[in-house]
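Here is the structure we will look at.
The values are calculated or read from the model by the stated rules, or taken from the named source; none is laboratory data. Please read these numbers as outputs of a predicted model, since none were measured by experiment. Every residue, glycine among them, receives a Cβ derived from its backbone with ideal geometry; neighbour counts consider all protein chains shown.
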Amino acid sequence: MANKAQRSGWIFLAEGGELAAFDWEATSIGPIEAWPKAMRTVLAFVLRSPTPIVTLWGDKGVMIYNDAYHAFAGDRHPSILGTNVLAMEALATRIRVLLGNSEGDEGA
């Protein structure tokens, strides 16, 4: 029986683990149907790689990673999948500035 990715024509996600089932429409990159060909091509490579790979896509750096990355993500998976990494980094920088640590030095 075909999986969701195969039934929908998302062949690039056929071996994509949890990515095909994830609610991408709730993220800034939108539904899979709207993803550009370049993005699908990159993800086809990433998802089939046995090496842990993370891709940040779009202006907000939406986190997409392959199954091999799960070991690095640990307990943070699946909650970090689809998060806006660059937006979080910008927030962390603003917090450091507000706390008087504009350099980002942890112990200085």
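Per the conditions (1) among the polar types (S, T, N, Q); (2) in a helix (DSSP H, G or I); (3) within 15 Å of Glu18 (Cα to Cα), the sole criterion not satisfied by Thr41 is (3). Against the conditions (1) closer than 21 Å to Ile11 by Cβ; (2) in contact with a strand residue (DSSP E or B) (Cβ under 6 Å, 6 or more places away or on another chain), Thr83 satisfies every one except (1). On the stretch given as segment 60-93, residues that are modelled with pLDDT under 90 and of a type in the set (Asp, Glu) total 2.
Among the residues of segment 14-43, the one identified as touching a residue at least 40 places away in the same chain (Cβ under 8 Å) and at positive phi is Gly17. Here is the figure for segment 54-100: residues that are assigned to a helix (DSSP H, G or I) and either in contact with a Cys (Cβ under 8 Å, 6 or more places away or on another chain) or of a type outside the set (Phe, Trp, Tyr) (or both) total 22. Looking at segment 17-38, is at least one residue in a loop (DSSP other than H, G, I, E, B) and at pLDDT below 85? Yes, segment 17-38 contains at least one residue that is in a loop (DSSP other than H, G, I, E, B) and at pLDDT below 85.
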